[in-house]
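Working notes, structure below.
The values are calculated or read from the model by the stated rules, or taken from the named source; none is laboratory data. Here the structure is a predicted model, which is why all the values come from computation and not from measurement. Glycine gets a Cβ as well: all are built from the backbone with ideal geometry, and neighbour counts include every protein chain shown.
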């Protein structure tokens, strides 16, 4: 029995009757994008007009588009290099973003300097847009630190490994923005929190929806629906498109083509603008696809078909911008060559840094438990160091 057929049966095993056709249609809408998908650049790189969202990218110039293309190419190269480093034993694990560059760069570039971003563990593209050096990400996946960037200066929270937990953190932060009077006009602040389709089945996400809604928090929930929650497809997570869940909490939801960086930029600007003016939260479902494994410990060939992957390759987020730039003569071969050269240099720098990373001192795990150390932590540190010194080489 197919997954769609499973959903059309009642608990007693009988058919769901007249609901069968409706439910199957809903599942197909979930898997195909649906008629309400916001798209400004087609997979072939053709511009599509949209009266509602065109104004939010009216100021985007050819130079800006080249910048978005550059962002995505460099972010993809960082991702591929880190993936290779893990395979060579230099990282304990890596979480690929291949295929999701447009969703992350479009949203990341929509954020203003005063806005705050809360990532999960895959937002390498958003980190890039917030000014975080890719080298600062490596310690997390090498197991030597929790991220070395300044989350206050970059307005980019540390990565969150626990599925969905960052949504609660973001809801609290956004509520604080509202309590502090930092919303209500063009200069207001907003927060954006990133999570995947699988996280929408976690209680933390729904609690975040509730609190942000009742307190009109300036929070954009940015769900990257990459079609697979590890090995479970979206149709096993929901009967309706994910963006429609916002209705139950009393705030707007919208679905955007997550492989279209221009549409994602426009929708994210609209959502952030809605929030910063004090109108409460917004849910964005960025409809995209995870082209690689969930993490480097995952084997996607065990649960999805190769023809699905091949179909999504035709919707590549980088190639559609490249096609647009070439079609409209906004970029020459020299530009593309220079971006590729910059990507090569970035990858080489990342690799050199990774191979030279020193092992941290064992006492480091006690250094930032609290903002200020405590007698209890000092006691635990001293006890552990004395124990560790009893082994060969333990003095380090």
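Here residue 304 clears all of (1) modelled with pLDDT of 95 or more; (2) in contact with a strand residue (DSSP E or B) (Cβ under 7 Å, 6 or more places away or on another chain) except the condition numbered (1).
Taken together, 19, 12, 28 contain a single residue that is within 18 Å of residue 227 (Cβ to Cβ) and modelled with pLDDT under 95, which is 28.
For residue 155, are the conditions met, namely being surrounded by fewer than 22 Cβ atoms within 10 Å (Cβ to Cβ), under 17 Å from residue 221 (Cα atoms) and touching a residue at least 60 places away in the same chain (Cβ under 8 Å)? Considered against the rule, which asks whether it is surrounded by fewer than 22 Cβ atoms within 10 Å (Cβ to Cβ), under 17 Å from residue 221 (Cα atoms) and touching a residue at least 60 places away in the same chain (Cβ under 8 Å), residue 155 comes out as no. Looking across region 273-288, the residues that are buried (at least 24 other Cβ atoms within 10 Å of the Cβ) and assigned to a helix (DSSP H, G or I) come down to 275, 276.
Screening residue 186 with (1) modelled with pLDDT of 95 or more; (2) in contact with a strand residue (DSSP E or B) (Cβ under 7 Å, 6 or more places away or on another chain) gives one miss only, at (2).
Here are 385, 325: which of them is surrounded by 15 or more Cβ atoms within 10 Å (Cβ to Cβ) and in the same structural domain as residue 265 (by TED's automatic domain parsing)? Break it down stepwise before answering.
Working: 385 fails: in the same structural domain as residue 265 (by TED's automatic domain parsing).
Only one candidate qualifies: 325.
Considering only region 234-250, state which residues are at pLDDT below 95, part of a loop (DSSP other than H, G, I, E, B) and farther than 21 Å from residue 194 by Cβ. Once the filter is applied, which keeps residues that are at pLDDT below 95, part of a loop (DSSP other than H, G, I, E, B) and farther than 21 Å from residue 194 by Cβ, region 234-250 yields 239, 240. Which residue pairs have Cβ atoms closer than 9 Å, lie 6 or more positions apart in sequence or on different chains, and pair a first residue in region 279-292 that is in the same structural domain as residue 185 (by TED's automatic domain parsing) and at positive phi with a second residue that is assigned to a loop (DSSP other than H, G, I, E, B) and surrounded by fewer than 24 Cβ atoms within 10 Å (Cβ to Cβ)? Pairs that qualify, where the first residue is in the same structural domain as residue 185 (by TED's automatic domain parsing) and at positive phi and the partner is assigned to a loop (DSSP other than H, G, I, E, B) and surrounded by fewer than 24 Cβ atoms within 10 Å (Cβ to Cβ), are 280/215; 280/216; 280/250; 280/251; 280/252.
Kindly indicate which of 376, 380 is assigned to a helix (DSSP H, G or I), surrounded by 12 or more Cβ atoms within 10 Å (Cβ to Cβ) and more than 33 Å from the chain's Cα centre (by Cα). Can you show your working first?
Working: 376 fails: surrounded by 12 or more Cβ atoms within 10 Å (Cβ to Cβ).
Only one candidate passes the filter, namely 380.
Annotation note: of 87, 70, 80, 76, the sole residue that is assigned by TED's automatic domain parsing to the domain that holds residue 267, closer than 30 Å to residue 299 by Cα and out of contact with any helix residue (DSSP H, G or I) (no Cβ under 8 Å at 6 or more places or on another chain) is 87. Within region 207-233, the set of residues being under 25 Å from residue 309 (Cα atoms), in contact with a strand residue (DSSP E or B) (Cβ under 8 Å, 6 or more places away or on another chain) and assigned to a strand (DSSP E or B) comprises 222, 223, 224, 225, 229. The single condition among (1) farther than 30 Å from residue 210 by Cβ; (2) in contact (Cβ under 8 Å) with a residue 40 or more places away in the chain that residue 122 does not meet is (1).
It is to be established whether one or more residues within region 48-57 are over 28 Å from residue 273 (Cβ atoms), in a loop (DSSP other than H, G, I, E, B) and over 22 Å from the mean Cα position of the chain (by Cα). Spell out how you get there, then give the answer.
Kept after step one, since they are over 28 Å from residue 273 (Cβ atoms), are these residues of region 48-57: none.
Among the residues of region 48-57, not one is over 28 Å from residue 273 (Cβ atoms), in a loop (DSSP other than H, G, I, E, B) and over 22 Å from the mean Cα position of the chain (by Cα), which makes the answer no.
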